[in-house]
Structures are given as C-alpha cells and as structure tokens.
Amino acid sequence: MFALESVTFAHPGGRSLLKDFSLAVPARQFCVLVGASGSGKTTVLRLMNGMLRPSAGRVRAGGRDTAEQDPIALRRGIGYVPQGGSLFPHLTVAENVELVPRLCGAAPAERARAAAEALAAVRLPEAEFAARYPDQLSGGQRQRAAVARALAGGAPVVMMDEPFGALDNALREELQDELGALLRRLGKTVVFVTHDIHEAVHLGDRLVVMSEGRILADGTPADVVLEAADPFVVRLLGRRRADLERFVRGKGDADG
Amino acid sequence: MDERTFWGFFLGQRGEILRLTLQHAGMVAVALGAAAAVGLPLGVWLSRRPRWAGPVLWAAAAVQTVPSVALLALLLLAPVIGGIGARPAVAALFLYSLLAILEGVHAGLRQVDPALSDAGRAMGMTEGQLLRLVELPLALPSVAAGLRVAAVTCVATATVASYVGAGGLGDLIFRGVGRANDAMVAWGAVPAIALSLAAHAGLSALERRLARRARLS
Ligand SMILES: Nc1ncnc2c1ncn2[C@@H]1O[C@H](COP(=O)(O)OP(=O)(O)OP(=O)(O)O)[C@@H](O)[C@H]1O
Ligand SMILES: [Mg+2]
C-alpha cells in the first residue's frame, strides 16, 4: 500500500537523515513506528504523504510512484493526525472535524453525520463538544478531536503521529483498545507513530523500531519483544521487558 | 452672527463644514478602498514570495518618507493622475495607505503557525483552500490593524490635499490661517480629529472582534 524504496532524505540544511531506507506497509496492516525523539518517525510519515520528497529512491502509494500522483488527491486519501494535533483555533470542534468531507465536496448533512460518527468514535459527545473551540478543550480532548478529524473523511489509510501523547494512562489505554479495535473493524491501513514501546506493542500488528534514521528491528510485537538483541531495542524495552514478554506470549496463546 | 467665534462660525457655515467633511471622508474612502483592493492581493502574493517581500515593502516605506506636500507637487505634474483637483490627492493618499495595508496582510500571514498550514496541507487542502479556510481567517486581525493605521494616517494627510485644489477640511484650515480666523481653522481641525477618532474606534472594534473569532486574544 505504502512503500519507501531505498529512500535518501536530508532536511534542508541538515545532514542526511535517511540513507537507503526501505519500508513497505501492506494494505490493512496496523504498523507502528517506534523510536526515540529525533529518530525520523515524523519524517517517514511526511515522505509517505508527499509533504517531503526523497532526494533519491522512490515512494509508492497504491503501487504508483507518489512523484507522479496528484498530491492533493493522495493526501485526501490519508487521514492524518499531525504531531500535537494542530486543530484550527478559529474553527469549532465540529468545523474542524468536518473539514476533509467539506474539501471533498460532501453535502452539509453528510458532513455533519460523518463528524458526529467520528466524534462518537473518540468519545467526545457531539452535544457537549461540537460547538466548542479548541482552546475550550483539555489537552486530551484536543488530541481526541484531532483523531476524529482524521477519521471523518473515511480515508482508507490513517497516519497518526503520537496521537495520545497528552492523555493520562487510564484514558490512553482505553482509547488504544477502542481505537485499535475500531480501525481494525473498518479495515484501515494504519501507520502509527509513538515513542512509547508499551503502546506500540499493544496496538500494532507490526513494530518497526527506528533510531537515527535506521530500522533496528521490524516484525510482529512478539518477534521484536522476545528476540530483542540490539542494545538500543533492549534499552527501549527497559524495565517493562518482562511485562511486555508476558503480554505478547498471552496474546500469542489467545490468537493461537 | 460673528463668524470669528467658534459657535458663530459653526452656525453661519455649518452647510459648508458638512460639505467639506463629506468631501474629506470621500477622498479618504476612495483612496483606502483602492489601497485595500491593491494591498490585499499584493500582500498575499508577497507572503508567498519572501524574496519580493523585502524590496516591495521597502519601496512602500520609501514613499512614506516623501513629505506629503512634495508628494502632492510631484503627482500634480504626473500624467493621467495629475492636474488640479482630487486626482493627485487621492493618488497620494493611496500611496500613503499602501504600506500599512501591505504590512498588515504580510505580517498577519507570516505569523500563522506553520504547523497549522502544514496540517491543512496534510489533509489535502489546495493552496487556495489553505489561504481561504485557514491562513486569511487567522491573519484578519492584523489586516484590520493595517487598515486602521492606514485610515488614521489618511484622514490626517488629506488636509494637505487642499494645496492642489482637492478640497476637504484643509480648505478651512488654510483659508482660516490666511485670514487669521481661528474659528475657521478650528472647524477644519475638529471634524478631521473626529473622523480620525471614529475610524480608529470603528476599526479597533472590528480588530478585536476578528481577534476573538480567530482566538488570538
Ligand atoms: N524541517 C526540518 N529542518 C531541519 N531538520 C529537521 C526538520 N524536521 C526535522 N528535522 C530533523 O530531522 C531529524 C528527525 O526528525 P523527525 O521529526 O522525523 O523525528 P521524530 O522521530 O518524529 O521525533 P519526535 O519523536 O521528537 O517527534 C531530527 O534530528 C530533526 O532535528
Ligand atoms: Mg515527530
């Protein structure tokens, strides 16, 4: 579905961040990119949606080179949650969430329905929150509204850049479970960025561990957790390694 | 009635005062309207082409440094817009307003959080949609501030237009000075001050409303 093929990329004025970087995300996969701050996770997402262009190599979406696709159409097919949410401060929650259907020319009634569904999915009751402005929400509510905005367009692909960063643990885990189940039920292709290995293991079908623009581990959560050998991956698992091992073993038993 | 006293002049000449006030406001309105019609699109264009922004804003600022009487004299001699009457005066006011309006638009657009523009692009907005739905609404308070500065400057500068036979409240001021009639001078100045204050108050209120709508305050 999305593939970076031998991509080289440097931010303007920076040294080259990605060298010969390849990553393919098949349709309907829930792929989690996990890594420390500055490892290049956001950069990978922005290469996938055509906001950044590789200096060498290719980026494909739906089999075709993104350089040959209309960037507007490409991005409207991706529900994107930017890091930090970036809700538009001059628009209400409902207006924010309705934006993508609106850009695609949906009728007002249809837009309202899409917004209501998306808000319900992130558990922001429409009656209470639709008419508020982003500065009238808590940090966690803002993040959920940003997720709703990415869902409302009905795009087959969803990219989320640390969508749950500002949530308390309990809510974070609830939303992980709910949203994970929802995205799977809807059959979305998901690229999810986080620096929290715990979140990554709980959510993903696949874990891609990144550091300084390189992939250190790539596989199912069980593979990555149980076979961690790279010192960076071991450090990332840290003190919770035993917990995570138990979790992936339990999940393996339940699945098998 | 003695037209050398404040109220005496008013009672005797209120028709004339009103006519000149309207003429004054008319010149300002035409010049501001034209400056806004040129300055808004030009400011948007500049914000997209940072390389041009410096030189163009510099040129607009350079115009401001020309003393108004000298600018009027130059425009008086210019083809098309020259000649005695309102045309060179409106042209001069237009040039004086342009800088404030350009700067308002330009600064307003530049201060929009790049993360917000980015979010708009990532969801598939075209550059036009981004401007219309996100960037301009967020820049509006600054645009209104530019208009306010332009309007207040224009009202004051327009008194000089009397020099080139454009009329306006300057007529009363200059004639009053010539005839050593303080009341006449005062009745040129008072409506000009009132116009200025009204423009300031009206546009400040607009600015605050827009800032509240854009959630910037
Ligand atoms: N616009 C930019 N210009 C120059 N360098 C940049 C730019 N954006 C990112 N970088 C650099 O590229 C590297 C990777 O950045 P990126 O945003 O992809 O990291 P990240 O993994 O998303 O980190 P975080 O978890 O902190 O969001 C960092 O070293 C960063 O400083
Ligand atoms: Mg990032």
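Listed values, structure above:
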{"read-out": "As computed over segment B:1-150, the Cα convex hull volume per residue (Å³)", "value": "149 Å³"}
{"read-out": "Relative contact order [Cα under 8 Å, 6+ residues apart], segment B:15-216, whole percent", "value": "27 percent"}
{"read-out": "Diffusion constant of segment A:78-155 at 4 °C, which comes from Stokes-Einstein with the Kirkwood Cα-pair radius and 1.567 mPa s, µm²/s", "value": "109 µm²/s"}
{"read-out": "Charge context of B:VAL105, other residues only, Cβ under 15 angstrom, K/R +1, D/E -1", "value": "+2"}
{"read-out": "Of every Cα-Cα pair in segment B:67-119, the percent that sits beyond 13 Å", "value": "65 percent"}
{"read-out": "Chain A, relative contact order in percent, only Cα pairs under 8 angstrom and at least six apart counted", "value": "24 percent"}
{"read-out": "Selected from A:LEU137, A:ALA114, A:ALA155, residue furthest toward positive end of dipole (segment A:78-155; charges at beta carbon)", "value": "A:ALA155"}
{"read-out": "17 Å tail of the calculated P(r), segment B:95-171, as % of Cα pairs", "value": "56 percent"}
{"read-out": "Antiparallel %, DSSP beta bridges [both residues in the protein assembly as shown], to 5", "value": "50 percent"}
{"read-out": "DSSP-defined antiparallel bridges as percent of all bridges, segment A:111-256, nearest 5", "value": "50 percent"}
{"read-out": "Residue-averaged [θ]222 nm for the protein assembly as shown, counting only DSSP H segments that reach four residues, each worth -39500 (n - 2.57)", "value": "-18500 deg cm²/dmol"}
{"read-out": "Cα long-axis angle, helix B:182-213 against chain B (0 to 90 degrees, to the nearest 10)", "value": "20 degrees"}
{"read-out": "Footprinting exposure proxy for B:HIS106, A:HIS11 (fewest neighbouring C-beta atoms within 10 Å first)", "value": "A:HIS11, B:HIS106"}
{"read-out": "Bins of 20 Å, starting at 0 and running to the largest distance - Cα pair percent for the protein assembly as shown", "value": "20, 38, 23, 14, 4, 0"}
{"read-out": "Of B:ALA145, B:LEU172, B:MET27, farthest towards positive along the dipole that unit charges on Lys, Arg, Asp, Glu beta carbons give chain B", "value": "B:ALA145"}
{"read-out": "Between helix B:50-65 and chain B: long-axis angle, C-alpha atoms, 0 to 90°, nearest 10", "value": "10 degrees"}
{"read-out": "Sum of side-chain charges, B:ARG4 neighbourhood, beta-carbon under 14 Å (Lys, Arg +1; Asp, Glu -1)", "value": "-1"}
{"read-out": "Principal axes of segment B:68-217: Cα extent on each, largest first, Å", "value": "68, 35, 16"}
{"read-out": "Rounded to whole Hz, the Karplus (6.51, -1.76, 1.60) HN-Hα couplings of segment A:211-216, x for glycine and proline", "value": "8, 6, x, 10, 8, 9"}
{"read-out": "Averaged over A:84-94, number of beta-carbon atoms from partner chains that fall within 10 Å", "value": "5"}
{"read-out": "Protection proxy ranking, peptides A:49-60, A:169-180, A:72-83, average beta carbon neighbours within 10 Å, highest first", "value": "A:72-83, A:49-60, A:169-180"}
{"read-out": "Approximate shape of segment A:1-142 as ellipsoid semi-axes (Cα gyration tensor, √5λ), whole Å, largest first", "value": "32, 18, 14"}
{"read-out": "Using θ = phi - 60° and Karplus 6.51 cos²θ - 1.76 cosθ + 1.60, couplings along segment A:93-109 (whole Hz; Gly, Pro as x)", "value": "3, 4, 5, 4, 5, 7, 4, 5, x, 5, 4, 7, x, 5, 5, x, 5"}
{"read-out": "Per principal axis, descending, Cα span of chain A in whole Å", "value": "52, 42, 35"}
{"read-out": "Share antiparallel - DSSP beta bridges, chain A, percent rounded to 5", "value": "50 percent"}
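A short reminder: the numbers here are calculations on the coordinates, not readings from a lab. Because the structure is predicted, anything quoted here is derived from the model rather than measured. Positions of Cβ are backbone-derived with ideal geometry, glycine not excepted, and every protein chain shown enters the neighbour counts.
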